[in-house]
Amino acid sequence: MDSIINVILVDDHPLVMEGLRSFLDRDHGIIVLAVFDKAKDLLAQLPSYKVDVIVMDIRMPEMNGFELARSIKAGYESIRLVMLSGYSYEEYQRAAFEIGVHAFVPKNAPYSSIVNAIRQSFLGNILVTERAMQYMNRDRLTRMEHRILQLIAQEQNNQQISDELGISKRTTESHISSILIKLGVDSRVGAVVKGFQNGILNA
């Protein structure tokens with residue numbers, strides 16, 4: 001038998017949360033323990049609940065979703081967090097995942113997507129869009145990758161880069177492949193352009 005997932009909903013828009021609660025109540029594998037319209041009220045009562053997943057909005061009065069997520073993670077590391085937002089900016093998603101949120105779902109997504117996010121989060125899986133993953137990886141080049149990207153921007157070929165850094169050509173090619181994947185591009189030129197756009201390279 002599948003595990004029951006205990007969920008708490010937090011949003012200052014009651015119609016949104018009641019609609020979601022009504023949908024979740026029809027799922028026999030999910031129990032909605034409570035609905036809160038204020039983050040501070042949730043934090044005050046959280047010790048009395050045995051909750052697996054908290055679904056929260058970003059924009060709330062007094063304490064926003066990011067602040068709430070940090071507070072929860074500081075005291076309840078095992079609780080999974082699903083964040084809802086009317087904005088799908090990659091910056092928001094990046095900030096959410098760095099805090100420890102497991103899923104970021106647009107508010108206009110179908111309820112089934114939110115259910116999937118709850119289930120995947122409960123299992124410990126991270127749900128992130130491809131665009132957000134590229135954005136989050138933008139400044140995670142290793143020191144060697146950053147140096148190689150600088151040399152690519154100086155129009156050095158693979159052999160010249162290898163000679164400059166004292167590494168094999170195969171190693172250079174491996175680093176370049178990693179750079180392209182992390183930046184979400186398919187060419188050296190694209191990597192340089194993205195490097196300048198994201199501030200990894202300086203003009």
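Computed from the coordinates by the stated procedures, all read-outs in this text should not be read as laboratory data. Being a predicted model, the structure only gives us computed values, none of them experimental. FYI the Cβ positions are ideal-geometry reconstructions off the backbone, even for glycines, and counts take in every protein chain you see.
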For segment 139-197, the fraction of alpha-carbon pairs in successive 10 Å shells from zero, as %: 26, 62, 12
Theoretical FRET efficiency, 1/(1+(r/R0)^6), r = Cβ-Cβ of GLU91 and ASP41, R0 25 Å, to 0.05: 0.35
Label selected from (1) 12.0; (2) 14.2; (3) 10.6, the criterion being mean projected area of the Cα convex hull in nm² as computed here: (2)
Of ARG119, ARG143, ARG188, the one that fluctuates the most in a GNM where the chain has Cα springs shorter than 10 Å: ARG143
Fraction in percent of alpha-carbon pairs per bin - 10 Å, segment 4-61: 24, 56, 20, 0
